[in-house]
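*Asks:* My structure is below; once you've seen it, I'll send some questions.
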Amino acid sequence: DGPFMAVNCRAFPRDLFLSEFLGYENGAFSGARAEGRPSKFELAFGGTLFLDEVEAIPLEFHSVLGRVIETGEVMRLGGSRIIPVNVRVIASTDTDLDRLVVEGAFQANLLYRLSSIVIEMPSLRQRREDIPELIDSILARMGRSAAELPALTPEAIQLLKKYPWPGNIRELESALERACSLAPVGQPIDVPH
């Protein structure tokens, strides 16, 4: 029932990474907001902090983040008080983190803290039988009412099941959105679309 905060780790410039994750107090550095900023851990308190593209976390910050995850405590930059945080941390990546550890590009300690439970998601090309259900789900998320949802011809579905999907589900979403815009209103989506 708590908040869900999704953070793309690749979205932060290296020099702002720590201030974004740990937050900061008033006057912590020049250019900082006068009222300071809470940490991502504080903002997700009682809920979940989702770290997308976790491999993009700069190596020099791994131990700091690992410590917060381990202790459940954060200290904002420029601060002097310890703030308890109660957060479930979920991380995702499409990169082999074990390989990055061997190469020295990811700290083993952070990997161990993040990998208590690992869920492998096979690529779309490895689970083509899921494509019809995914199509229904994606079309429903496009904000169309059930009456407006276009049908796909069996030939279009077969074509989508044969395609290798190097861009995974994001590519399927894009292809369906394009097909919806190309298909005449009220007509099923067919192979040409």
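The values are calculated or read from the model by the stated rules, or taken from the named source; none is laboratory data. Note that the structure is a prediction, hence the values are computed from the model and not measured. Cβ atoms come from the backbone with ideal geometry, glycine included; neighbour counts cover every protein chain shown. Accessible surface areas use protein heavy atoms only, side chains included; no ligands, DNA or RNA. Shrake-Rupley method; radii C 1.70, N 1.55, O 1.52, S 1.80 Å.
*Asks:* Assuming residue 117 fulfils every condition listed in (1) closer than 20 Å to residue 9 by Cβ; (2) in a loop (DSSP other than H, G, I, E, B); (3) touching a residue at least 24 places away in the same chain (Cβ under 8 Å) apart from one, which condition is it?
*Replies:* (3)
*Asks:* Right, another one. Working only within the range 48-81, note down all residues that are within 20 Å of residue 37 (Cα to Cα), part of a loop (DSSP other than H, G, I, E, B) and open to solvent by 30 Å² or more (accessible area, probe 1.4 Å).
*Replies:* 75, 76, 78, 80, 81
*Asks:* Okay, next question. Within the range 102-113, how many residues are open to solvent by less than 30 Å² (accessible area, probe 1.4 Å) and in a loop (DSSP other than H, G, I, E, B)?
*Replies:* Selection size over the range 102-113: 1.
*Asks:* For residue 99, all conditions in the list (1) part of a helix (DSSP H, G or I); (2) surrounded by 13 or more Cβ atoms within 10 Å (Cβ to Cβ) hold save one; what is the number of the exception?
*Replies:* So the condition that residue 99 fails would be (2).
Here's the yes/no breakdown for (1) touching a residue at least 40 places away in the same chain (Cβ under 8 Å); (2) more than 20 Å from the chain's Cα centre (by Cα); (3) more than 23 Å from residue 24 (Cα to Cα):
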| site | (1), (2), (3) |
| --- | --- |
| 77 | yes, yes, no |
| 84 | no, yes, no |
| 100 | yes, no, yes |
| 103 | no, yes, yes |
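*Asks:* Take the residues in the range 120-135 that are part of a loop (DSSP other than H, G, I, E, B) and not charged (D, E, K, R); name whichever of them is most open to solvent (accessible area, probe 1.4 Å). Show your work before the answer.
*Replies:* Initial filter on the range 120-135 (part of a loop (DSSP other than H, G, I, E, B)): 120-123, 127.
Okay, now just the ones that are also not charged (D, E, K, R), so 121-123.
Numbers: 121: 136, 122: 59, 123: 17 Å².
Only one residue tops the list, namely 121.
*Asks:* Test residue 53 against the stated conditions and say whether it is on the phi > 0 side of the Ramachandran plot and not small (Gly, Ala, Ser).
*Replies:* The answer is yes for residue 53.
*Asks:* Of everything in the range 156-193 that's of a type in the set (Lys, Arg) and open to solvent by 90 Å² or more (accessible area, probe 1.4 Å), which residue is farthest from residue 122 (Cα to Cα)?
*Replies:* The qualifying residue farthest from residue 122 (Cα to Cα) is 178.
*Asks:* Among (1) touching a helix residue (DSSP H, G or I) at 6+ places or on another chain (Cβ under 6 Å); (2) part of a helix (DSSP H, G or I); (3) open to solvent by 60 Å² or more (accessible area, probe 1.4 Å), where does residue 138 come up short?
*Replies:* (3)
*Asks:* For the range 2-35, what are the residues that are part of a loop (DSSP other than H, G, I, E, B) and either modelled with pLDDT of 85 or more or of a type in the set (Phe, Trp, Tyr) (or both)? Spell out the reasoning first.
*Replies:* Initial filter on the range 2-35 (part of a loop (DSSP other than H, G, I, E, B)): 2-3, 12-13, 23, 25-35.
Within the range 2-35, 2, 3, 12, 13, 23, 25, 29 qualify.
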